[in-house]
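Quick note: the coordinates plus some simple rules give every number you see, no bench work behind them. What you are looking at is a predicted structure, and each value in this text was computed from that prediction instead of being measured. Positions of Cβ are generated from backbone atoms using ideal geometry, with glycine treated the same way; all protein chains shown enter the neighbour counts.
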Amino acid sequence: MADTANANTNAWLPALKAAFPLTIPICLGFLFLGASYGILMGTKGFSFVWPMCMSAFIFAGSMEFVTVNLLLSAFNPLAGFLLALMVNARHLFYGLSMLGKFKGLGWKRPYLIFGMCDETFAINSTAKIPAGIDRGWFYFWVTLCNQLYWVTGATLGGLIGAHLPFNTDGLDFVLTALFLVIFLDQWLDGKHRERLSAVIGVLTSLACLLIFGANDFMIPSMIAMLILFVALRPHLDVLRPAADAPEATANHAMSHAADQQKEGQTR
C-alpha cells in the first residue's frame, strides 16, 4: 500500500511542477476576466454563489457572460440552447483533435473533456511534455489550474460586485468588448480565409439586425451564418492557409506512390 501511494505521489507531483508554470500567464487573464464576470453578476443583483457555481459547472467564459442576460430575460429554452451551441460549437473540434491524446487516461478523461476551454486546449495540444512526466496527470493539472483561476476570479468578483460604491452602469459592455477583442485578434492574425469568415459573420449580423430588429436578430443571424458557412465551405477550403499545403502535398505524393506501386504489381 505504501509503495502504491509513493508511486502515485511520484506521478502527480512532477506533473504539477511541469504544468503549473505554463498556466501562469492564463492565471492573470482569468483572474481579471473572471472578476469582471463576477462583478457583472453582482451588479445585476445575484449573490456571489451564482458566479461561483456557474463558473464551476458551466466553465465557458463567453457563455457565462451571455447567461447573465438570459437569466434576466423571458424564459426561452430553445433560444438558450441554440445560443449555447453556436457560442461553444468550436469545442466540438477541440474534442475531436484531442481524442488520441486523451485515450487510455481512465477517470481523468471525463474531467479533461469537461474542462477543455480555449486556453487549456492551447496548452495541452501543443505542450511538449518532459520525459518522465505522466501525460494524464500533466493534462489534468493544466485543466484544473485554469479552472481554479476562473472560479476564483468569478467568486471574488461576485463578492465585490454587490458592494461597489461607484456607478456600474455600462459594465455589461464588457461582453461586447470581449467579443470585439476576439474578432480583432482573428482579423489581425488570420489569413484570407479567416478574414472572409469574419466578414461573412459581420454582414450577416447587420442584415438580420435591419430585418428583424435589435431584440430578435440573434437567432436568425446564427442560423443564417451556419447555412452560409456550410454552403461556402468548398470555397473556404480552397483558401486554406499555406501552412496546410505541405500536409496536402505529402498526402497527394503518398497516394500517387501507392497508385504507381499497384500499377507495377499489375504489370
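Using only alpha-carbon positions, what ratio does the radius of gyration of segment 2-167 give when scaled by 2.2 N^0.38 Å?
Normalised Rg, Cα atoms only: 1.16.
Counting Lys and Arg as +1 and Asp and Glu as -1, what is the net charge of the other residues whose Cβ lies under 14 Å from the Cβ of residue 225?
+2
Efficiency by 1/(1 + (r/R0)^6): what FRET value for residue 125 and residue 227, r their Cβ-Cβ distance, R0 = 35 Å, to the nearest 0.05?
In this case the efficiency is close to 0.75.
Work out how much length residue 135 to residue 198 would gain on full extension: take 0.36 nm times their residue separation and subtract the Cα-Cα distance, in nm to one decimal.
19.1 nm
Would you list 41, 63 from fewest to most Cβ contacts within 10 Å?
The most exposed by this proxy come first: 63, 41.
How would you rank 90-98, 199-207, highest first, on the average number of other Cβ atoms within 10 Å across their residues?
Final packing ranking: 199-207, 90-98.
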